[in-house]
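Input: a single structure, listed below in structure tokens.
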Amino acid sequence: MKNISLAFYLALKEVFRNRGRFLLVSLVIALITLLVLFIAALGEGLATANRQYVGNLDAQLIVFLKKSDYIIASSRLDANTVRALRRVDGVADAGPIYTSSTEIISLPKPLKVSLLGAEADRPGMPKLIEGRSFRGGEAREAVIDRGVALRSNIKVGDEIRIRSTQGTDDQFFILKVVGMVDAQSYFFQPTIFVPPATWEKIRPQSEADLNSDTPYPNIVAVKMTDPTQAEMMKTRLVDQVTNIEVADLNTTINNIPGYSAQQGTVQTQGFFTLLIGVLVIGGFFQIQILQKVPQIGVLKAIGSSNGVVGWAAVIQIIVVTAIGVGIGGVFTYLFSLGLPPTIPFVFNGTRSLVAVILLLFIGPLGGMVSIVYAVRIEPLKALRLG
Amino acid sequence: MNSVALEVKDLVKSFSLDGGLINAVDNVSFQVHAGEFVALVGPSGSGKTTMLSILAALLSPTSGQVFIDGQDLSQMNEKRRVKLRREKIGFTFQSNNLIPFLTAQENVEFMLRLNGQADKAGRVRSAEILARLGLSDRMHNLPAQLSGGQQQRVAIARALIHNPAVVLADEPTASLDTERAFQVVETFANLVHENNRAGIMVTHDLRMCQYVDRVLQMQDGKLVRMVETKKEIMELAMGTMKH
């Protein structure tokens, strides 16, 4: 205990009396923190932009067309599949999901959006936060997500005009916005929801698709009566409904095209930034210890134990790192305030916390060599007595 | 006669060099009493710095014994040596003496902190000893703001503040001009006598011997002469002593 208290005394006195030098190191750590937190927030933002709708589904299982490799765009289910799924024992509800994209052109600057078809009050249709749900049939009504509202100022009650290429012609449709749901980004775009029959009418489609009025869902979201029985239910659904394959939400998200590769890239960037941080901090503290060899020699010669010297180095590194991470955190927050909403930048508590903990570790990790070096300094050699 | 604060018995320190053994300290024995200030002199390579390193518990002897305040250094492990250095020994070095980020007073008080004595009385004592050394207006200065002589005086204060049994000084005047050197050694000698400590100063400058009670002269690792009378010591210091 006495060692720790002495170490604190030495470490803090040195930091305070050389605050300019140590502040510079803290600023370097702050920049590394800014970079790491920015990459973490960008990674989370990209992930959210890609998976938010699927991740928020009020369902546990997703049903795909057999051999579609759990890729939503590759899956197109038979219209009867939904009814068949709802009859399976253990299924609380099932909702078809139809995916496409379109462009709202009734704005000063056209806005690209995901166009999702879903049945009101079924899995696949998020909870409303404003207005009402659309009517069924071919009602020209839409529910927008908060992302659309934020980027366009469209409000519940407004009419929007969308453009879809059908066959070789551009077709224009007017939809009345009747409700709003929370942010439900899908495939990097904000989302509008329409009834399935409307979706089939207004979605971009090829010449061949124009001959059919029947909407075919890409996937079906299945809500189970007992969410803990996912594995058993997967098997039961595949056994009882033909031509399907079933995945949980995580598998579905990881199979969104580009999702895993993108997250891997972002995580690799984060890892290398941390690695650079370890090397920079390690280098600084090693140089500092080399400069302090005679001073450490004096400390040991007059009776300071290795514990005092070692702990002083550890405490100093932790203090400097913590100050740097703190400054970096504030920098990152201020920086994020100036970013436009189009940049996917999301502070996720867990991911940011992990990044901050890792950042707090890179100081002691980087300084480990210098700490060991400090402890091993022999006073006799340091003072050139030997 | 005061009690024996330091006793060296048949001390040998050997180093291997070019496949052979060299005795840097060769069968040396002497005693230093409390209140006695002794100079250890000799030409370069005579073994005086090696001797001082052993007395400071920084180097283990090859054979022989060193007793500081009755405790045998040769029987101690590293942990006990660190404790001994902290409690029983005061040390000043040629240079790089002080902790650069502590003020003069904090440097002195650091010895008290090491020994768990950093209370109000300790602070008063450190201010008193600095004032005694003419540094009352420099107590809150960092070492870089002090002259070489002032730094040495702070180091002397630090070496004495915790009442060690033995105070060791390695060439304390090496980086000082003549006038400052005399001042520092005189002050050192006075404090050793006043505080009844055993002081040992390694020096190559024989003029500094005028302030000591005894001179131990080393050559080739051996203790070749002991100068004990004041007359002889002064002759040695003035350079008039016959060899």
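Where a number appears in this text, it was derived from the coordinates with a stated rule and is not lab data. Owing to the predicted nature of the structure, the values given are computational and were not obtained by experimental measurement. Note that we place each Cβ from the backbone using ideal geometry, even for glycine, and neighbour counts take in every protein chain shown.
The table below lists the values:
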| item | result |
| --- | --- |
| Spatial separation of Cα centroids for region A:77-149 and region A:283-351, in angstrom | 50 |
| Projected label distance in nm at A:ASP182 and B:ASN163, using a 7 Å step from Cα toward the beta-carbon | 7.1 |
| Computed FRET value (nearest 0.05) for B:VAL12 with B:SER147, which takes r as the C-beta separation and R₀ as 30 Å | 0.15 |
| Net charge dipole size for region A:79-242 [Lys, Arg +1 and Asp, Glu -1 on Cβ; Debye, nearest 20] | 340 |
| Contour excess over end-to-end distance, with Cα ends at A:ILE129 and A:LEU210 and 0.36 nm allotted per residue | 25.7 nm |
| Nearest 10 degrees, 0 to 90: helix A:306-337 Cα axis against chain A principal axis | 30 |
| Signed unit charges on C-beta, dipole axis of the protein assembly as shown, positive-most listed residue B:THR240, A:LEU46, A:GLY117 | B:THR240 |
| Residue-by-residue Karplus 3J(HN,Hα) for region A:131-138, coefficients 6.51, -1.76, 1.60, Hz, glycine and proline x | x, 10, 7, 6, 6, x, x, 9 |
| Sites A:ASN250 and B:ASP177, calculated FRET efficiency, Cβ-Cβ separation with R0 60 Å, nearest 0.05 | 0.15 |
| Greater than 31 Å apart at Cα, pairs in B:LYS120/B:LYS230; A:LYS176/A:LYS234; B:LYS79/B:LYS120; A:LYS381/B:LYS88; A:LYS155/A:LYS201; B:LYS13/B:LYS231 | B:LYS120/B:LYS230; A:LYS176/A:LYS234; B:LYS13/B:LYS231 |
| Difference of contour (0.36 nm per residue) and Cα-Cα distance, A:ARG83 to A:LEU150 | 20.5 nm |
| Computed label-point distance, nm, for sites A:MET232 and B:GLN117 using a 7 Å Cα→Cβ extension | 7.7 |
| Dipole-positive endmost among A:ILE105, A:ASN153, A:GLN166 within region A:79-242 (Cβ charges, Cα centre) | A:ASN153 |
| Nearest-0.05 FRET efficiency for B:PHE67 and B:MET234, computed from C-beta distance (R0 25 Å) | 0.25 |
| Backbone N under 15 Å from the A:PHE335 label point (7 Å along Cα→Cβ), restricted to region A:21-42 | A:27-42 |
| Fraction of the pair-distance distribution of chain A above 33 Å, Cα-Cα pairs, percent | 49 |
| Average beta carbon contacts from partner chains per residue of B:76-83, 10 Å cutoff | 2 |
